[in-house]
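The values are calculated or read from the model by the stated rules, or taken from the named source; none is laboratory data. Computed from a predicted model, the values in this text were never measured in an experiment. FYI the Cβ positions are ideal-geometry reconstructions off the backbone, even for glycines, and counts take in every protein chain you see. Surface areas here come from the heavy atoms of the whole protein model, side chains and all, with no ligands, DNA or RNA. Shrake-Rupley method; radii C 1.70, N 1.55, O 1.52, S 1.80 Å.
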Amino acid sequence: MSEKLVIALDGPAASGKGTLGRALSDKMGLAYFDTGKLYRAVGMRMIDTDSDFDNENDVLSATDWLVEHFTPELLQDARLKSDEAGVGASKSGKYGAMRSKLLELQRDFAKNPQNYLDEHTASGLHGVLLDGRDIGTVVCPDADVKLFVTADIEKRAERRLKELQNNGVEVTYSDILADMKARDARDASREAAPMLAADDAVVVDTSEMTPADALAKSLEIIADKAGITIE
Ligand code: C5P
């Protein structure tokens, strides 16, 4: 095991991995990085600059902009949570050259999380947890523990519907299901770093689990794989 624990958490949209990632990080004292936010920030920049998702150069310029202007605060923009940003992220993330530009940032976080956090959060860090689509396969292939979190697409669409309705957004279940199928297909079929469970990842299917169940199951897997006791 490396000096600090590195946990890779991958899986499709609305699988519960964000909730799980934050809960695991709180429980275990890990620095948490939702890498989807980087892709979403590029998608949002594309929208803000009225750029063309079919034009790779436009996507590369938006990515360069993000890398140049990156601060952790930039990822706090509330607009990044929108479905518009999610779709923009997925359309931007299909280009391999674009993904390479974001690779260094993600790896630097995994190595030097203290540089991305305030002093208070950084003290007592026991490691890092990165959440995304290709963390276990590409970003941190040597991670100590790899989890691939998934759930039936219907369950995921129901969860997303509830989340959006709670935020006052008017949407229909069928539109969400269709968008989710399109996003899954784009993420899983792209040539560059497709969404994929690493060979050594443990799959956690949250279809019939509450967030607390998913947390308990994942803690068990982590303790076993990393050979540690988690109080
Ligand atoms: O996880 P989230 O829904 O925020 O991710 C938004 C999109 O960003 C995904 O659908 C995917 O296309 C892209 N993404 C990626 N690689 C990552 C994280 C996100 O391609 N590591």
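Checked against the criterion of being touching a helix residue (DSSP H, G or I) at 6+ places or on another chain (Cβ under 9 Å) and charged (D, E, K, R), the stretch 210-222 has no qualifying residue.
Does Ala89 meet the test of being out of contact with any Asp or Glu (no Cβ under 9 Å at 6 or more places or on another chain), modelled with pLDDT of 95 or more, away from the ligand (no atom under 13 Å from the Cβ) and under 19 Å from Asp131 (Cβ atoms)?
Numbers: out of contact with any Asp or Glu (no Cβ under 9 Å at 6 or more places or on another chain): yes; modelled with pLDDT of 95 or more: yes; away from the ligand (no atom under 13 Å from the Cβ): no; under 19 Å from Asp131 (Cβ atoms): yes.
Spelling it out, it is not the case that Ala89 is out of contact with any Asp or Glu (no Cβ under 9 Å at 6 or more places or on another chain), modelled with pLDDT of 95 or more, away from the ligand (no atom under 13 Å from the Cβ) and under 19 Å from Asp131 (Cβ atoms).
Scanning the stretch 158-172 for residues that are at pLDDT 90 or above, part of a loop (DSSP other than H, G, I, E, B) and either under 22 Å from the mean Cα position of the chain (by Cα) or under 16 Å from Ala13 (Cβ atoms) (or both) returns a single hit, Val171.
Is it true that Phe109 is assigned to a helix (DSSP H, G or I), under 23 Å from Leu219 (Cβ atoms) and in contact with a helix residue (DSSP H, G or I) (Cβ under 8 Å, 6 or more places away or on another chain)?
On the way: assigned to a helix (DSSP H, G or I): yes; under 23 Å from Leu219 (Cβ atoms): yes; in contact with a helix residue (DSSP H, G or I) (Cβ under 8 Å, 6 or more places away or on another chain): yes.
Yes.
Looking only at the stretch 176-231, count how many residues are in contact with a Pro (Cβ under 6 Å, 6 or more places away or on another chain) and among the small types (Gly, Ala, Ser).
Adding up the residues that qualify gives 1.
For residues that are assigned to a helix (DSSP H, G or I) and either within 29 Å of Leu177 (Cα to Cα) or within 10 Å of the ligand (Cβ to nearest atom) (or both), tally how many sit in the stretch 92-101. Residues flagged as assigned to a helix (DSSP H, G or I) and either within 29 Å of Leu177 (Cα to Cα) or within 10 Å of the ligand (Cβ to nearest atom) (or both) within the stretch 92-101 amount to 4. When each of Glu154, Glu84, Glu104 is tested for being surrounded by fewer than 18 Cβ atoms within 10 Å (Cβ to Cβ), of a type in the set (Asp, Glu), within 13 Å of the ligand (Cβ to nearest atom) and in a helix (DSSP H, G or I), the lone residue that passes is Glu84. The set of residues in the stretch 177-231 that are under 17 Å from Gly21 (Cα atoms), without any contact (Cβ under 8 Å) to a residue 24 or more places away in the chain and either within 16 Å of the ligand (Cβ to nearest atom) or open to solvent by 50 Å² or more (accessible area, probe 1.4 Å) (or both) comprises Thr210, Ala212, Asp213, Ala216, Lys217, Glu220.
Across the stretch 125-151, the qualifying residues are those that are more than 16 Å from the ligand (Cβ to nearest atom) and open to solvent by less than 60 Å² (accessible area, probe 1.4 Å), and the one among them that is modelled with the lowest pLDDT is Leu125.
Looking at the stretch 42-63 only, could you name the residues that are of a type in the set (A, V, I, L, M) and without any contact (Cβ under 8 Å) to a residue 40 or more places away in the chain? Break it down stepwise before answering.
Of all residues in the stretch 42-63, those of a type in the set (A, V, I, L, M) come to 42, 44, 46-47, 59-60, 62.
If the condition is that a residue be of a type in the set (A, V, I, L, M) and without any contact (Cβ under 8 Å) to a residue 40 or more places away in the chain, then Val59, Ala62 are the ones that fit.
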